[in-house]
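Structure record follows, encoded as structure tokens.
Read-outs: derived from the displayed coordinates by stated rules, not from any lab. Keep in mind that what you see is a predicted model, and the values were worked out from it rather than measured. In this analysis, Cβ positions are derived from the backbone assuming ideal geometry, glycine residues included, and neighbour counts consider all displayed protein chains.
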Amino acid sequence: MIRHIVFFTVADPADRATVEAGLRLLESNPHALRLEIRPNLKGDSWSTEVDFVVYGEFADAAALAAYKAHPIYEDAIRRVRPLRDLRIAADFELD
């Protein structure tokens, strides 16, 4: 299994709702075993810049690749990319 975690910051706070709606499109992508989009609670005073977290679980690398090739993913990117400031992604495999 692969876990996929992505952190997003929004350039203009006025665009937060639009970015969240665009990211939530990803929740309907059929290739994820689990996919959640949540606003960052910003409870860590050392790291308050992250606005949204995408958390996904995928059966394997092929499922993650299929997720990224799906039209829902493309649509979400089209909506979110112009409004985001920072995007940091990490993928790791479970033993």
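In segment 17-62, the alpha-carbon atoms span a convex hull of 92 Å³ per residue. Between residue 92 and residue 47, what FRET efficiency comes out of the Förster formula 1/(1 + (r/R0)^6) with R0 = 22 Å and r the beta carbon distance, rounded to 0.05? So, using R0 = 22 Å, E works out to roughly 0.70. Using θ = phi - 60° in the Karplus curve 6.51 cos²θ - 1.76 cosθ + 1.60, the 3J(HN,Hα) couplings for segment 29-45 round to 5, x, 8, 8, 6, 8, 8, 10, 10, 9, x, 5, 6, 6, x, 9, 5 Hz; x is entered for Gly and Pro.
Need the full-extension length gain, residue 34 to residue 73, defined as separation in residues times 0.36 nm minus the C-alpha distance. One decimal, nm. Show your work: numbers first, answer last.
Numbers: separation 39, 0.36 × 39 = 14.04 nm, distance 1.47 nm.
Length gained, residue 34 through residue 73: 12.6 nm.
Looking at the chain, none of the trypsin sites (Lys or Arg not before Pro) sits in a DSSP loop with at most 10 other Cβ atoms within 10 Å of its own Cβ.
Run the helix sum for the chain: -39,500 (n - 2.57) per DSSP H stretch of 4+ residues, divided by residue count, reported at 222 nm to the nearest 500 deg cm²/dmol.
Numbers: 3 runs with 28 residues, N = 95.
Roughly -8500 deg cm²/dmol at 222 nm, from the helical runs in the chain.
As a proxy for reagent exposure, 75, 12 were ordered by neighbouring Cβ count within 10 angstrom, fewest first; the result is 12, 75.
Using +1 on the beta carbon of Lys and Arg, -1 on that of Asp and Glu, and nothing else charged, what's the dipole of segment 30-95 about the Cα centre, debye to 20?
Working: 9 positive and 12 negative charges, 81 e Å.
Taking the Cα centre of segment 30-95 as origin, the dipole is about 380 debye.
Projecting the Cα atoms of 88, 11, 56 onto the dipole axis of the chain, where Lys and Arg carry +1 and Asp and Glu carry -1 at the beta carbon, places 11 farthest toward the positive end.
Return the Rg/Rh ratio of the chain with Cα-based radii and a Kirkwood Rh.
Working: Rg = 13.2 Å, Rh = 13.6 Å.
In the chain, Rg relative to Rh is 0.97.
Using the Cβ-Cβ distance between residue 14 and residue 57 with R0 = 30 Å, the FRET efficiency computed as 1/(1 + (r/R0)^6) comes to roughly 0.40.
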